[in-house]
1. Take residue 34 and decide whether it is more than 30 Å from residue 124 (Cβ to Cβ), touching a residue at least 60 places away in the same chain (Cβ under 8 Å) and of a type in the set (Gly, Ala, Ser).
2. Could you pull out the residue among 88, 42 that is surrounded by 11 or more Cβ atoms within 10 Å (Cβ to Cβ), in contact with a His (Cβ under 8 Å, 6 or more places away or on another chain) and not hydroxyl-bearing (Ser, Thr, Tyr)?
3. Let me spell it out: the conditions are (1) within 25 Å of residue 138 (Cα to Cα); (2) polar (S, T, N, Q); (3) surrounded by 12 or more Cβ atoms within 10 Å (Cβ to Cβ), and residue 36 meets all of them except one. Which number is the exception?
4. When region 52-68 is examined, which residues are found to be of a type outside the set (D, E, K, R), out of contact with any Leu (no Cβ under 9 Å at 6 or more places or on another chain) and modelled with pLDDT under 95?
5. For region 93-108, which residues satisfy the criterion of being of a type outside the set (Ser, Thr, Tyr), in a strand (DSSP E or B) and surrounded by 15 or more Cβ atoms within 10 Å (Cβ to Cβ)?
6. Among all residue pairs at least 6 apart or on different chains, which show Cβ distances below 6 Å where the first residue, located in region 104-120, is more than 10 Å from residue 152 (Cβ to Cβ) and the second is at pLDDT below 80 and in a loop (DSSP other than H, G, I, E, B)?
7. Being under 15 Å from residue 78 (Cβ atoms) and either polar (S, T, N, Q) or out of contact with any helix residue (DSSP H, G or I) (no Cβ under 8 Å at 6 or more places or on another chain) (or both) is the filter here, so list the residues in region 13-29 that pass it.
8. Going by the conditions given, is residue 197 at pLDDT below 95 and either within 30 Å of residue 95 (Cα to Cα) or surrounded by 13 or more Cβ atoms within 10 Å (Cβ to Cβ) (or both)?
Amino acid sequence: MADNITIQAEPRAAKGRGLNKLRASGKTPIVLYGKTREATALQVDARALDSVVQASGLSQLIDMQIEGQSTLVLLREVQRHPVRHHILHVDAYALQMDEKQTLQIPIVVEGEPDSAISSDLIIMQNMDTITIETFPDRIPQSVPVDLSLLTMDNNITVSDLTPIEDVAFVHEPDEVIFSLTRSAAVEEVEEAPEEAVVDEDDVEADEEPSTEDE
């Protein structure tokens, strides 16, 4: 598990139309909630939040400091402006260490593909993340996938993942992570219509002038 990222938060009074003024001042609204915690309106520095989101995404623990009190949270939803893409609002979930969480963890590729794989085949990555279930203190930073397991005869599936202690993969074992497919260029060449072969004798016979009387 990676070291927790820290962010400072403070109580928020602004609501409704007042949120635009809050954002203009360089703050971003947050709602913090939990299984046994009522929803709390907070605000954080917009630049600090942007850095935290880039570093943690929705899969890493964040130490949120609120008036001197520390709360471990996971970001649940990040709303962005549809054009400018800056963060408009964030929902954060206050964790209990004995409560399992279900979340998506990014895949990290390790190893090299089988050298016997034909050059006209393309490696397709069908999954970018793996959904897991585990306790907060067991959340891995990433899930490694060994690309050397990919061969001409075998895809890489969830069943090929190396087990992680206290972590359950929330997928069917036969779900494909990596596979091979033929390149479009090769398929087009193979599917191109063959040119008709014409018998020269037939051509010459057709071109001879008719000797019949008109």
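The values are calculated or read from the model by the stated rules, or taken from the named source; none is laboratory data. No experiment lies behind these values; they were computed from the predicted model shown. Counting neighbours? That spans all protein chains shown, and the Cβs are built from the backbone with ideal geometry, glycine included.
1. Criteria met by residue 34.
2. One residue alone meets the criteria, 88.
3. (3)
4. Matches in region 52-68: 54, 55, 68.
5. 94, 101, 103, 104, 105, 107 - these are the residues of region 93-108 that are of a type outside the set (Ser, Thr, Tyr), in a strand (DSSP E or B) and surrounded by 15 or more Cβ atoms within 10 Å (Cβ to Cβ).
6. These pairs meet every condition: 120/183.
7. Selection gives 28 alone.
8. No.
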